[in-house]
Amino acid sequence: MPDKLRVGVIGGGQLGQMLGFAGRTLGIECEYLDPSAEPPAAAAGRVVRASFDDDASILSLASRVDVLTYEFENLSVEALEPALGMCPVFPPLAALAAAQDRLAEKHLFEKLKIPLPRWHAVSERSDLSAAAEVLGLPFVLKTRRFGYDGKGQFVLRTDDDLDAAWRTLGDAPLVAEQWVTFDREVSAIGARGTDGMTVCYPLTENLHADGILRYSRAPVSGKRLETAAHDYLSRLLDSLDYVGVLALELFAVGDALLANEFAPRVHNSGHWTIEGADPSQFANHLLAITGQPPREPALCGHAGMLNLIGGIPAAARAPDLAHATLHDYGKSPRPGRKLGHITLLAEDAASRDRALAELGNTVTGLAPDFGTRE
Ligand code: AMP
């Protein structure tokens, strides 16, 4: 075996950057493919500047690395397929294909008996009226493909919204979903190795605003929820003969869980694992895809994470935040853009929640509202 394993990463965003940093402690070198001028991953490894569907550049990267992976899911499966002749591509492309299409994803959840919100496929205007009948109002209309961070979604609250929703999204294949009045949103993150060995991180609770993740905290109480979430996660991992990290996002309604979507990659709601667990999701992804068994994560405390969206206020850098770790991805500010995050650790859940509220107040002027649950 060469002294350094080489991983090719399609995408040079912050997830790629964090993979590259994790690789340094594992003797794994990441090389990236990304067309942008200043990709965050340039801080962690060499970046080939090429478009995500540039066959020649993908093949050339595949020829230089031990395994190919990707850090976002809106990329062409067809463009990656030829690379399979040169090196493994993990996570498997079948997982990528299922995650790219909300309809395929829902069929997969159903096949695996993973509960999910009621839904109705929409390809014509009349389907939208049928969806309103079947699901009742409010409901949410989503593009089947290329949605992220709440983009490509329209919440319909009255019959008058049907035409507006159709005008906004009607050009693309769509799916309508029951509006879920959830108690909390959670994500189950796990890593599966080439031998099928699976490890799971404790359930993470997430707070979103405008479809964008704002806060995460882990671990959270609720053993039964966690057991069910890990069961659903394992069904997905095994059925896809998955290799790498996968994040399953779920709505918790009382004691029940409904699957929202899954991401076949390292995930924003697992950023806390960099300081909060050993190994992190990034290290476990690299271990798994390079054919090494993922390791059972040991917790380093109770973790809270705040995403820095649109800008990094001076308060996020102040010395009195020394108990927390700032990750600045080095991106230029833009409204709605994820520019960095802060993770804090505490000895118990109550101290973690107090610290997270203080952090939120200091940095954004608003404390997270996780409700009264711990
Ligand atoms: P998504 O891109 O599907 O993960 O949606 C982004 C966010 O919108 C989710 O994290 C939820 O906060 C909210 N959301 C999406 N779908 C639903 C739904 N069917 N019911 C209630 N909230 C939803």
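Below 8 Å between Cα atoms, with a sequence gap of 6+, how large is the relative contact order for the stretch 184-363 in percent?
Computed over the stretch 184-363, the figure is 21 percent.
Output the relative contact order of the chain, whole-number percent, from Cα pairs under 8 angstrom with separation of 6+ residues.
On the way: 822 pairs, mean separation 50.6, N = 374.
It rounds to 14 percent for the chain.
With no solvent and one equal point scatterer per Cα, compute the Debye intensity ratio I(q)/I(0) for the stretch 133-254 at 0.23 Å⁻¹ and report its log10, rounded to two decimals.
Per q value, in the given order, log10 I(q)/I(0) is -1.25.
Would you work out the Kirkwood radius for the stretch 118-178? I mean one over the mean of 1/r across all pairs of different Cα atoms, in Å.
Working: mean 1/r = 0.0907 Å⁻¹.
Hydrodynamic radius (Kirkwood, Cα pairs) of the stretch 118-178 is 11.0 Å.
Hey, what number do you get for the chain at 222 nm if only DSSP H runs of n ≥ 4 count, each worth -39500 (n - 2.57), divided across all residues, to the nearest 500?
Details: 11 runs with 109 residues, N = 374.
Helix contribution divided over all residues of the chain: -8500 deg cm²/dmol.
Cβ under 13 Å from Asp101's Cβ, Asp101 left aside: what net charge do those residues give with Lys, Arg +1 and Asp, Glu -1? Walk me through the intermediate numbers first.
On the way: positive: Arg102, Lys106, Lys142, Arg144, Arg145; negative: Glu73, Glu105, Glu261.
Summing Lys/Arg as +1 and Asp/Glu as -1 gives +2.
Suppose the Debye formula is applied to equal point scatterers at every Cα of the stretch 3-76; what is log10 I(q)/I(0) at q = 0.23, 0.28 Å⁻¹?
So the normalised log intensities work out to -0.97, -1.38.
Carbon and sulfur together cover what percent of the accessible area of the chain at a 1.4 Å probe radius? Present the calculation step by step, with values, prior to reporting the outcome.
Numbers: 7990 of 15440 Å².
Reported share for carbon and sulfur atoms: 52 percent.
Post the alpha-carbon centroid distance, the stretch 117-138 to the stretch 272-288, in whole angstrom.
40
Compare Glu105, Glu261, Glu133 in a GNM of the chain, Cα atoms joined below 10 Å, and give the one with the largest fluctuation.
Evaluated over the chain, the most mobile residue of the options is Glu133.
Quick one: accessible area per residue over the stretch 184-363, 1.4 Å probe, rounded to a whole number of Å²? Provide the component values of the computation, followed by the final result.
Working: 6280 Å² over 180 residues.
Solvent-accessible surface per residue comes out at 35 Å².
Give me, ordered by chain and number, the residues 5 or more places off Asp183 or on other chains with an amide H under 5 Å from its own placed amide H.
Result for Asp183 returns Ala252, Val253, Gly254.
Evaluate the relative contact order of the stretch 1-157 (contact order divided by residue number), counting alpha-carbon pairs under 8 angstrom at least 6 apart; express in whole percent.
On the way: 243 pairs, mean separation 25.5, N = 157.
The normalised contact order for the stretch 1-157 reaches 16 percent.
Where nothing but the Cβ of Lys and Arg (+1) and of Asp and Glu (-1) is charged, how large is the charge dipole of the chain around its Cα centre, in debye to the nearest 20?
On the way: 35 positive and 49 negative charges, 85 e Å.
Charge dipole of the chain: 400 debye, to the nearest 20.
Given 10 Å bins starting at zero, what is the percent of C-alpha pairs of the stretch 1-143 in each, up to the one with the largest pair distance?
Reading upward from the zero bin: 11, 33, 25, 18, 11, 2, 0.
Plugging the Kirkwood radius over Cα pairs into Stokes-Einstein for the chain, at a temperature of 4 °C and a viscosity of 1.567 mPa s, what D comes out in µm²/s?
The calculation lands on 61 µm²/s.
For the stretch 184-363, what is the convex hull volume of its Cα atoms per residue in Å³? All intermediate terms of the calculation are to be shown ahead of the outcome.
Details: hull volume 21.0 nm³, N = 180.
Dividing the Cα hull volume of the stretch 184-363 by its residue count gives 117 Å³.
With the chain treated as a Gaussian network of Cα nodes joined by springs under 10 Å, which of Gly196, Gly304, Gly254 yields the largest mean-square fluctuation?
Comparing Gly196, Gly304, Gly254 in the GNM, the peak value goes to Gly254.
Determine the per residue accessible area of the stretch 1-116 with all protein chains present and a 1.4 angstrom probe, expressed in square angstrom. Present the calculation step by step, with values, prior to reporting the outcome.
Details: 4680 Å² over 116 residues.
Ligands and nucleic acids excluded, the result is 40 Å² per residue.
Among Gly147, Ala131, Trp119, which residue has its Cα furthest toward the positive end of the charge dipole of the stretch 118-178, with +1 on Lys/Arg Cβ and -1 on Asp/Glu Cβ?
It is Gly147, whose Cα lies furthest towards the positive end.
How big is the gap, in Å, between the Cα center of the stretch 312-374 and the Cα center of the stretch 64-104?
33
Around Leu287, under 13 Å between beta carbons, what's the net of Lys plus Arg minus Asp minus Glu among the other residues? Present the calculation step by step, with values, prior to reporting the outcome.
Values: positive: Arg192, Arg295; negative: Asp66, Asp195, Asp278, Glu296.
Result for the neighbourhood of Leu287: -2.
The values are calculated or read from the model by the stated rules, or taken from the named source; none is laboratory data. As the structure is a prediction and not an experimental result, all values here were calculated from the model. Reconstructed Cβ throughout: ideal geometry from the backbone, glycine too, with neighbour counts over all protein chains shown. Quick note on the areas: whole protein, heavy atoms, side chains included, nothing else; ligands and nucleic acids left out. Shrake-Rupley method; radii C 1.70, N 1.55, O 1.52, S 1.80 Å.
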